[in-house]
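Values quoted throughout were computed directly from the atomic coordinates according to the rules given, and no laboratory measurement underlies them. Model, not experiment: these values are computed from the prediction. Counting neighbours? That spans all protein chains shown, and the Cβs are built from the backbone with ideal geometry, glycine included.
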Amino acid sequence: MLTFLPRSLSLFALLLLCALSAAKEPVPVSRPNFIFFIADDMQRYMFNCLAESEDRYLTPHLDRLAGEGTLMVEQYVSAPVCTPSRFTCLTGQYASRSKCPWLTSTIRREGQSVVGWNTMIMPGQVTLPSLLQQAGYKTGIVGKSHVVHVPGREKIGYDEDPRDPAVRARLLTDQRLVCNALKRCGFDYAAAIYHNNLDSNGPKALAAHNLDWITQTGLQFIEENKDKPFFLCFAPTVPHAPGDPAHSWNADRRTTPVGFLEKPLEVLPSRHDIPRRLEEAGLRVDSQRANMLWLDDALGALLGKLRQHGLDDNTIVFFFNDQGQGAKGTLYQDGIRNPSIVWRKGGFPCGLVSRVRILNTDFAPTILEMAGVSVSEGLFDGRSFVAALKGGNEPIHESLYFEMGYTRAVIAGKWKYLALRYPQSAREMTLAERGRILEEFNANQRKHSKKILTTDASTPFSHISLIPGGGSAEAASTGKYPGYYDSDQLYNLELDPTEQKNLASDPEYANILETMRQQLKEHLDSLPGGFAELKPK
């Protein structure tokens, strides 16, 4: 670490200077292009390449990636909701390292970091795109952001009319601010951006998906940079809710978060063509299958553009889903274990499947190694898994660390330890305070036509939200595991992969429990914020 720094250099330039070092090996003559395709809220059964699916989805292009590339079946996500997952992918660091004021204020107030939708990338943060940009790559992002701090952004009301010229002007200003914030984080190109989830992004009238709009800008980026090495973060908004036809695959394709286009885009096959193709394939026409086919069309358009310009021979595609949906917002396996696919033409020496355990912290160092860029030691929490793609079976990590809300977890070998710790303020919250929080949450649920989860203020909190009964994002898993509210949880993943039997209170496993607790402490000691007695304030 540098102690004395020239005042003339900006913080961002200094961070890049410290991060980027001379390559240990010569940079390849023809550096590969990268497309990092990050789907939003896919379920495991939507992957035809997994046993859970049984070929129930029409996704020929995704099937091609799985059939020609490498399926990382032991891919994990360190924090299983949108923002921290995306932060980790783009920085190679745990989300608790974010300098976002929403996160750091909880550390000051509660003594521990509460990792959730508050882990934004701040100006000056060293990112994967900024390092690639410094190494000569053109970098772009299209689609969902949900990860960058945007100073000065004015949230536009849910009930405002986007056809009002004044509202339209504010929407355009909002988009410009978001795109500029992304450019300050290392992207040369940012367009067709959804700053947040659709129902939290602005007016209700614009809360519809538009993959044609996103795909058009992604294709434009490739077209403009076909003669240079490039990195494109392609982030579609599906299959995340709303998934009903009127707001997703069958929506008016003039709808965008910046207002209505003059005419529908015709970048992808028409919305009328989607049910026809599903029926021809002998599949039921429903929203999940239709949205997955629409998503696959977008992937196919990108692959087609690569092929058109002869770039498919020198482009590596990472297909990643932002978190496990079976237990979203928790550190149980169905929330954190989430497959990814790495594809290049001709495949990788390891073959179609790799069982090496990796985290989404590992994407950044892996892509940089593939690009021939070497960085300073200790910049990332992740490690490159290029060796695994080459056929190596050696572990990338001695243990895997996870963080979410008021929980932390670690996996080593067949053992998993999960700790749940609420701060004193949460434990001492009065019933009246809980009632006010719940009523405010339920009022917002009603406004957005969402389900009321509970009206009982005495209902326990979830792992991520201090809302009685939990928030809507984690509703599918809140309280559903036998040990959900246990402070200490120990599982044998070989014998109990669905985490139904908590062994933490069994004297027979006391030594293992203590060993795993020490493993967790070692991770916590290197990260900001406390965590109850496991890392005192």
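Residue order for ARG436, ARG408, fewest other beta carbons within 10 angstrom first, comes to ARG436, ARG408. A straight chain from ASN180 to LEU431 at 0.36 nm per residue would run longer than the Cα-Cα distance by 86.0 nm. Based on C-alpha pairs under 8 angstrom that are at least 6 apart in sequence, the stretch 344-398 has a relative contact order of 49 percent. What whole-number distance in Å separates the alpha-carbon centres of the stretch 255-331 and the stretch 81-121? Rounded to whole Å, the Cα centres lie 29 Å apart.
Placing a pseudo-label 7 Å from each Cα along the Cα-to-Cβ vector at ASN444 and VAL73 gives an inter-label distance of 4.0 nm. If R0 is 22 Å, the Cβ-Cβ spacing of LYS501 and GLU394 corresponds to a FRET efficiency of close to 0.10. Computed extension length for LYS345-GLN308: 11.9 nm, one decimal, from 0.36 nm per residue of separation with the Cα-Cα distance subtracted.
Any idea what the relative contact order of the chain is, in percent, if you count C-alpha pairs under 8 Å spaced at least 6 apart? The normalised contact order for the chain reaches 21 percent.
For the pair GLU533 and LYS414, label points projected 7 Å from Cα toward Cβ lie 2.9 nm apart.
Extending 7 Å from Cα along the Cβ direction at THR454 and again at TYR509 yields two label points whose distance is 2.5 nm.
Length gained on full extension, ASP252 to ASP227, computed as 0.36 nm times the residue gap minus the Cα-Cα distance: 5.5 nm. Take the Cα of ASP273, step 7 Å along the line toward its Cβ, and report every residue of the stretch 294-319 whose backbone nitrogen sits under 11 Å from that point. So the set is 297-298, 301. Here the chain has an Rg and Dmax of 22.8, 69 Å, counting Cα atoms alone.
Note on the chain: helix-only mean residue ellipticity at 222 nm, from DSSP H runs of 4+ residues weighted -39500 (n - 2.57) and normalised by residue number, equals -9000 deg cm²/dmol. Say R0 is 35 Å: what FRET efficiency, to the nearest 0.05, do ARG108 and LEU172 get from their beta-carbon distance? FRET efficiency, ARG108 to LEU172: 0.45.
Counting neighbouring Cβ atoms within 10 Å and putting the fewest first, the residues MET120, MET429 line up as MET429, MET120. Beta bridges per DSSP, both residues in the chain: antiparallel share near 50 percent.
With a Cα cut-off of under 24 Å and a minimum spacing of 8 residues unless on different chains, the lysine pairs in the stretch 406-525 number 10. Please work out whether the stretch 406-525 counts as rounded, prolate or oblate from its C-alpha gyration tensor, where a ≥ b ≥ c are the square roots of the eigenvalues and a/c under 1.5 means rounded, while otherwise a/b larger than b/c means prolate and anything else oblate? Prolate shape, in that a/c is at least 1.5 and a/b is the bigger ratio.
Here, the stretch 488-537 has an Rg and a Dmax of 12.6, 36 Å when only alpha carbons are counted.
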